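Every number here is computed from the coordinates shown, using simple stated rules; none is lab data. Values in this document were obtained by computation on a predicted structure and should not be read as measured data. Methodologically, a virtual Cβ is constructed for each residue, glycine included, from the backbone with ideal geometry; neighbour enumeration extends over all protein chains shown.
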Amino acid sequence: MILFFYFCTMILQKLTVVNYKNIEQADLTFSSKMNCLIGRNGMGKTNLLDAIYYLSFCRSATNPIDAQVIRHEADYAVVQGRYETEQGDAKEVFCGLKRGTRKQVKLGGKTYQRSSEHVGVIPLVMISPSDAELISGGSDERRRFMDVAISQYDKAYLLQLIRYEKALTQRNVMLKMEEEPDPEVMSLYEETMAEAGALIYERRKAFITEFTPIFQDIYAQIARSRESVSLTYESHGDRGDLLPLIRSGREKERILGFSIHGTHKDELVMRLEGYPMKREGSQGQTKTYLIALKLAQFEFLKRTSRTTPLLLLDDIFDRLDASRVEEIVRLVSGDRFGQIFITDVNRGNMDRILASAGSDYKLFNVEKGEVLLL
């Protein structure tokens, strides 16, 4: 029996941005395929991509504090988008922020009780220079990579992740107390961490198992080489039941003031030719590795959510040789990808990209927060 899978393509048709970072006002209509933003560094290209990111995740990609994305001279910010599928079905997403009050997120005019309920409605993958932290940064960056991917297609995972983090925070507060913590209350937090952590562990493990071959295939396409790359998920969950492990650290943790066992210590080991990527990779290899990770995330999300995610490419061609740039452009301009937003400081780069892509596009110039169609 042959199975046919239908993939929905979501298109950001119109975007309104008010007082978001350095963008005072922007009302834009986009191409359903390629949208290119050019301008010098610091002019607002990345801020515009971040506004699009906010409509998917209800948070900034670069700043977790909502009040800090509101333009300095303003008291509020609004990001609103109209999305359409190829069948003409429309979704209106509204995100409103006001200093000193809770943000408001609406889908089709209906307000969410919790903004986390919106995650996954508009799947999105963003590739940016900050992705370098996936390799050079701490393990929290690599856990976040897994969390962002899984949360977009698995609601139960996101709920348990939030539950785990709340219990972990409360347990850490108790560990810092001068007086001896109530053992029954401490046990409740530990039981919650163990229960939620078991699901987190299983879903992360399953994700990396399915994700790795996709990543390796895309890396090989971009690099045009036989370099071997790998991902290895390491977790306290590998040892079995988390509860006795979490409880075993109490005495030492009272001295340290924080929890040392649990899925918040998970690691994703990244290797090139069997060696740690952080130590072995050249600039070109490192950037190729990161781009392959994110394009694989795109492909994985497309398969699991049955929706083609939006793809945001922020200044990704720096430090890449011509052959790798050519291969990336060939990949993203193909039928596997849907709507794309791409930034660069160089108009010549954009012209070459558009000529290679051969698809419908719109070109915008960004200057001091103002966005103009060219």
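Some values worked out for this structure:
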item	result
Kirkwood Rh in Å, taken over the stretch 11-146 so that all alpha-carbon pairs contribute	15.9 Å
Charge dipole magnitude, Cβ of K and R +1, D and E -1 - the chain, Cα centre, debye nearest 20	520 debye
Cut-off under 5 Å, modelled amide H: who pairs with residue 364 long-range	36, 37, 38, 374
Stokes-Einstein diffusion coefficient of the stretch 16-91, Kirkwood radius over Cα pairs, 10 °C, 1.306 mPa s, in µm²/s	118 µm²/s
For the stretch 261-359, projected area of the alpha-carbon convex hull averaged over all directions, nm²	8.5 nm²
GNM top mover of 258, 145, 57 - the chain, alpha-carbon springs below 10 Å	258
Rg and Dmax of the stretch 212-303, Cα atoms only, in Å	17.5, 52
Semi-axes of the equivalent ellipsoid for the chain, Cα gyration tensor, largest first, Å	36, 26, 20
Point-charge dipole on Cβ atoms (K/R +1, D/E -1) for the stretch 70-125, about Cα centre, debye to 20	380 debye
Neighbour-count order for 212, 29, fewest beta carbons within 10 angstrom listed first	29, 212
Charge dipole of the stretch 137-306 about the Cα centre (unit charges at C-beta), most positive-ward option of 236, 198, 275	275
Given charges at Cβ of Lys, Arg, Asp, Glu: the chain dipole, positive-most of 256, 356, 209	356
Degrees separating the helix 183-223 axis from the principal Cα axis of the chain, which is the longest one	40 degrees
Nearest 10 degrees, 0 to 90: helix 155-175 Cα axis against the chain principal axis	50 degrees
Paramagnetic label zone (point 7 Å from Cα along Cα-to-C-beta, residue 86; backbone N under 17 Å) in the stretch 306-337	306-311, 332-337
Computed helical MRE - 222 nm, the chain, DSSP H runs ≥ 4 contributing -39500 (n - 2.57), nearest 500	-13500 deg cm²/dmol
Folded to 0 to 90 degrees: helix 322-332 orientation relative to the chain principal axis, Cα	80 degrees
Chain lengthening between residue 260 and residue 130 when straightened (0.36 nm per residue, less Cα-Cα)	44.1 nm
Virtual spin-label span in nm between residue 336 and residue 269, 7 Å along Cα→Cβ	2.8 nm
Listed residues 331, 374, 320: farthest to the positive end of the dipole of the stretch 306-374 (Cβ charges)	331
Largest to smallest principal axis extent of the C-alpha atoms in the stretch 137-306, angstrom	60, 37, 23
Aspartates and glutamates whose Cα lies under 13 Å from that of residue 176, excluding same-chain neighbours fewer than 8 positions away	251, 253
Greater than 18 Å apart at Cα, pairs in 98/368; 205/265; 45/368; 14/91; 302/362; 278/302	98/368; 302/362; 278/302
